[in-house]
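The values are calculated or read from the model by the stated rules, or taken from the named source; none is laboratory data. Computed from a predicted structure; not experimentally measured. Methodologically, a virtual Cβ is constructed for each residue, glycine included, from the backbone with ideal geometry; neighbour enumeration extends over all protein chains shown.
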Amino acid sequence: MELNEAGHKVYCFDAAAALPSNMDNARGEIYLIRRLLSQDLEVARVTRQTPSGARSPAAKWRKVNNVHGFTFHAAYLSKQAAARRKRDDLLYTASYRWRNLILFKCFASWKDIWTTKFRTMAKPSRRLNALYPGNTGLRNLGNTCYMNAALQSLSHVTLLKNAVMSASTVGPPGALLWELKHVMQRLWSGKYAALSPDAILAVVWQTFPTLAGFKQQDCDELLRHLLDSMRSGAASVVDPPLARCFVDALFEGVVVRTITCNRCMHESSTNEMFLGVLSVDIPTPHRVHAGRRRRVATAHCSMIDCLATTFAAESLQRDAQYFCSNCDAKQDAVKLTQLGAAPPVIIFHVNRTGWTADGEPDKIPTHVAFPERGLDLSMIMAAPPRTSTVYDLDAAIVHEGRTLTQGHYTAYANNALGGAGWFHFNDHRVHKCTWKDVASAQAYLLVYSQRQTNSQPRPHGSQCCEASVRATHGAMDSG
């Protein structure tokens, strides 16, 4: 590739004419690109379109699934099929890397010409890296966008990523925790533009049979299953056995429910443990629609509104009276729900299940405003906490679609490495974005991490100019 200084034009030479056939780089990527061109393949054609709007090579396999059932799973996850997808990943990465290196070099040359007023053209002073750790996409293997969004979100929780990747023992190969560590290592290696998560998909199907197959699943359900299975796997390798595993240390919290009798003021409390995921409700005025064809306009609400609704005092009267053991009779009472202990990492599930006037389930489209930094949970704590109640956002999972059973999952995540900022993960496509893009999304799951009392708030992504320029290549990927 050459840039003409006088005409300001870019010329591209034929690879076969410019490079001998025996020349290649250390990664063997020139050979891969030659192969890609010789087969007349574009990266966009390596994968196929799925009903969810993502791309997948699984279209031809789904027909077999309807007939042969489990045989389909074995064939799709066979070594031969996995090898083909791995080869496609290498082709995609090679094309992605070289395309963006050329764009970077072109931009650097143009910038140099502009700053020197077209007097000279110099090569870039430093080596440009087209790939950035943590910005690797995950290919959609056939309506697996729900899993991709969950994995990207978990891998961008710094506390969890550090715990998983530094764990010396994560179980035998093929165990869920082992596969999760393997995926995180590859996502943060900075060597891949996209990966095919074959192995962890097979483990998910084997561990959770209800999620097997190429139907869209609930990302909230998968996250709950993953955390529970991770806890079981981590607890089995903890030494000593009675020690608390890192999954419990990061995600275990306590909800306290207290019922007070209105007559004798006797209190009865119960503690309910939860692991990571905590559901919050959208305020009642936004939960009722006039019908599918006459959808009423819904106002905005905030996470504070959702927390206030979820943890509001509930009056127990009439048919819902409480049996007071002190009075030995049913009495009117007040039920109060609070957080007894807030874990270092909380995943808020925004409950978007509503009902039409006909009594049918429907998705609530209300926009829930959520903060990037400084979500304070002190208002819902049962007692003054010993640790910080302020949380900062790590990731947000979005469900795009008009109904709860159909649509497409994507994730927004904050890459804390070098303050790179926010990125949008849409299966194998990764794009740099701003906080405004994240804040305008219709959040379904929000991943927050506890701010340490002796630490300062992390810098806003938009303030990290150098890292943002370095990562801008994500926006250049046309998918």
Margin query: Take L187 and tell me if it is over 16 Å from D427 (Cα atoms) and either within 21 Å of the chain's Cα centre (by Cα) or in contact (Cβ under 8 Å) with a residue 12 or more places away in the chain (or both).
Written below: no
Item checked: Yes/no for T403 being outside any strand (DSSP E or B), in contact (Cβ under 8 Å) with a residue 40 or more places away in the chain and touching an Asp or Glu at 6+ places or on another chain (Cβ under 8 Å) -> yes
Next item on the list: Inspect all residues belonging to the range 353-365 and state whether any of them is at pLDDT below 95, out of contact with any Gly (no Cβ under 6 Å at 6 or more places or on another chain), of a type in the set (S, T, N, Q) and surrounded by 15 or more Cβ atoms within 10 Å (Cβ to Cβ).
Entry: no
Margin query: Taking the criterion of being surrounded by 15 or more Cβ atoms within 10 Å (Cβ to Cβ), of a type in the set (G, A, S), touching a strand residue (DSSP E or B) at 6+ places or on another chain (Cβ under 8 Å) and outside any strand (DSSP E or B), would at least one residue in the range 382-397 satisfy it?
Written below: yes
Note to self: Quick check on my filter: what residues within the range 315-353 are over 26 Å from M273 (Cα atoms) and not in a strand (DSSP E or B)?
What the structure shows: Q317, R318, D319, N326, C327, D328, D332
Next item on the list: Residue by residue through the range 304-352, note down the ones that are basic (K, R) and surrounded by fewer than 16 Cβ atoms within 10 Å (Cβ to Cβ).
Entry: R318, K330
Check: Hey, does the range 217-229 have a residue that's in a loop (DSSP other than H, G, I, E, B) and either closer than 19 Å to N351 by Cα or touching a residue at least 24 places away in the same chain (Cβ under 8 Å) (or both)?
Finding: yes
Check: Yes or no: A357 in contact (Cβ under 8 Å) with a residue 40 or more places away in the chain and within 19 Å of C301 (Cα to Cα)?
Finding: no
Next item on the list: Looking at (1) of a type in the set (S, T, N, Q); (2) surrounded by fewer than 18 Cβ atoms within 10 Å (Cβ to Cβ); (3) within 25 Å of Q152 (Cα to Cα), find the lone condition where N414 falls short.
Entry: (2)
